[in-house]
Amino acid sequence: MPPLNAIRAFEAAARRSSFKDAAAELGVTHGAVSRQIRLLEEWLGPPALFRRLSHGVALTAEGQALFAEIHPALERIAGAAALHGRKASGTVVLRVNALATFSLRWLVPKLGLLREAHPDIEIELTTGNEPVDGLADDYDLIIRGGPDAFHGFEARLLLPERRLPACSPTLLRRQPLDEVGDLARHTLLHVASMPRLWRDWLAQAGHGSLEPAATLTLDHFYLSIQAAVDGLGVAMAPSTLIEDDLRAGRLMTPFPHISLPSRSYFAYTPLGSPLRAESERVCAWIEAFDITPPTQIGEQQ
């Protein structure tokens, strides 16, 4: 048998066409991956497995032949480990990586309901915003915006998304918003990474030249949503992420029929995942979750 650490380093480098990216995935240094590849090439003998390029590496014909055998073998080993990892109670750990704001505002508050619906699935949740194919670790289910296409992953629509103004009922009682022009008397809450949201929405609403009384810019959507809940101003909020606040009366949508389109939430599942069936069950549960459209909630308020 060739050295298994070298086999693992070879498979990661071949899959990513980069020693550097393979090192990040495996949690080792670039030099460690280079040494493992050299060790494997010495063990196998010539010819070489990789061609070194100015940007990354490429497999030789012999390297491609070896990768074609090793990659599915390692996937089978991972699958066997996942099956062995099932607890005595019959549960299985599903590794999920999701956007931080989606996790905080939507997924985490509903994990108890998910556990009730699928008691045999235990969610191990981490957050991130890296591209699906740029994550250092392997996950059974990745939740990102979409639709996007990534090699080796299947994409599935989870939740549609729109963006529309939202504010607290207390703020509306203090300073009503009967028409879009009334926003000129309010503070508009901005998200630093999306500075055009309010400008685009106002243009769509026919008030492109409106100037608010004040503005407040925050780093993330979850901060602007919380600021709206606390009555600091009017946020341009993602519809999916404010459902619970609308239903509980912490937020209202003063103009529910005017909204901006947005990238929806998609699930990305690695092809050949040993926990594919469990991932599909979780996706189906999210898709079927009882969601009241924000326009209806706004009208009920």
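What about G249, is it under 30 Å from E75 (Cα atoms), over 15 Å from the mean Cα position of the chain (by Cα) and loosely packed, with under 15 Cβ neighbours inside 10 Å? In short, no. For the stretch 91-141, taking the residues that are part of a helix (DSSP H, G or I), closer than 23 Å to A23 by Cα and not charged (D, E, K, R), the one that is modelled with the highest pLDDT is identified as V132. Of note, L223 does not satisfy the criterion of being of a type in the set (A, V, I, L, M), part of a loop (DSSP other than H, G, I, E, B), out of contact with any Ser or Thr (no Cβ under 8 Å at 6 or more places or on another chain) and surrounded by fewer than 18 Cβ atoms within 10 Å (Cβ to Cβ). Whenever a residue of the stretch 112-128 is within 26 Å of Y222 (Cα to Cα), its partners that are basic (K, R) and in a helix (DSSP H, G or I), lying with C-beta atoms within less than 9 angstrom and at least six residues away or across chains, give the pairs E122/R115; I123/R115. Is it the case that the stretch 175-182 has a residue that's part of a loop (DSSP other than H, G, I, E, B), under 12 Å from Y268 (Cα atoms) and modelled with pLDDT of 90 or more? No, every residue in the stretch 175-182 fails to be part of a loop (DSSP other than H, G, I, E, B), under 12 Å from Y268 (Cα atoms) and modelled with pLDDT of 90 or more.
Being modelled with pLDDT of 95 or more and under 29 Å from L107 (Cα atoms) is a property that L197 lacks.
Within the stretch 1-45, restricting attention to residues that are small (G, A, S) and under 16 Å from E69 (Cα atoms), the residue that is surrounded by the most Cβ atoms within 10 Å (Cβ to Cβ) is A13.
The values are calculated or read from the model by the stated rules, or taken from the named source; none is laboratory data. Given the structure is predicted, the values throughout are model-derived calculations rather than measurements. Reconstructed Cβ throughout: ideal geometry from the backbone, glycine too, with neighbour counts over all protein chains shown.
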